[in-house]
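Asker: Pasting in a structure now, in structure tokens, and then I'll have a few things to ask.
Every number in this text was worked out from the coordinates using simple rules, so none of it is lab data. Just so it is clear, the model here is predicted, and its values are computed rather than measured. Cβ atoms come from the backbone with ideal geometry, glycine included; neighbour counts cover every protein chain shown.
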Amino acid sequence: MAPSPCLVLALLLCAALPARVSGGERDCLPYTDFNNEYQFSQTCVYGFCCGRCRYRYCCDDPFKRLREEDQEHCAR
């Protein structure tokens, strides 16, 4: 017996939901830049937060990514 289309749709939505919920990790947290100026958080709609502790921006280059864990470490 084949699964119903509703069940298949529900499973697909459940599989995709964790990626959407954790999307906040892609954003740039607020920080203080090289000029000691406060920079507000940035929402990265496409890509994720990139850069360094004192210069952050949104991009899609995985080699420049600045993970949320690393951003939090910058503040210490």
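Asker: For the peptides 54-61, 29-36, what is the packing order when you average, over each peptide's residues, the other Cβ atoms within 10 Å and list the highest mean first? All intermediate terms of the calculation are to be shown ahead of the outcome.
Answerer: Numbers: 54-61: 14.6, 29-36: 12.4.
Going from most to least packed, we get 54-61, 29-36.
Asker: Gain in length, Tyr57 to Asn35, computed as 0.36 nm per residue apart minus the alpha-carbon separation, to one decimal in nm? Don't jump to the answer; show the numbers that get you there.
Answerer: Details: separation 22, 0.36 × 22 = 7.92 nm, distance 1.61 nm.
This chain segment gains 6.3 nm when fully extended.
Asker: Further, regarding this structure: Treat the count of other C-beta atoms within 10 Å as a stand-in for reagent exposure and order Cys74, Cys44 from fewest to most. Walk me through the numbers on the way to the answer.
Answerer: Working: Cys74 14, Cys44 20.
Final ranking by Cβ density, sparse to dense: Cys74, Cys44.
Asker: If you look at just the Cα atoms of segment 24-74, how large are its Rg and its Dmax in Å?
Answerer: So, for segment 24-74, Rg and Dmax equal 9.8, 27 Å respectively.
Asker: With r as the distance between the Cβ atoms of Ser4 and Tyr46 and R0 = 25 Å, compute the FRET efficiency 1/(1 + (r/R0)^6) and round to 0.05.
Answerer: 0.10
Asker: Now for a separate question. Can you list residues from other chains, or at least 5 along the same chain, whose modelled amide H is less than 5 Å from the amide H of Thr32?
Answerer: Those lying under 5 Å, H to H, from Thr32 are Gln39.
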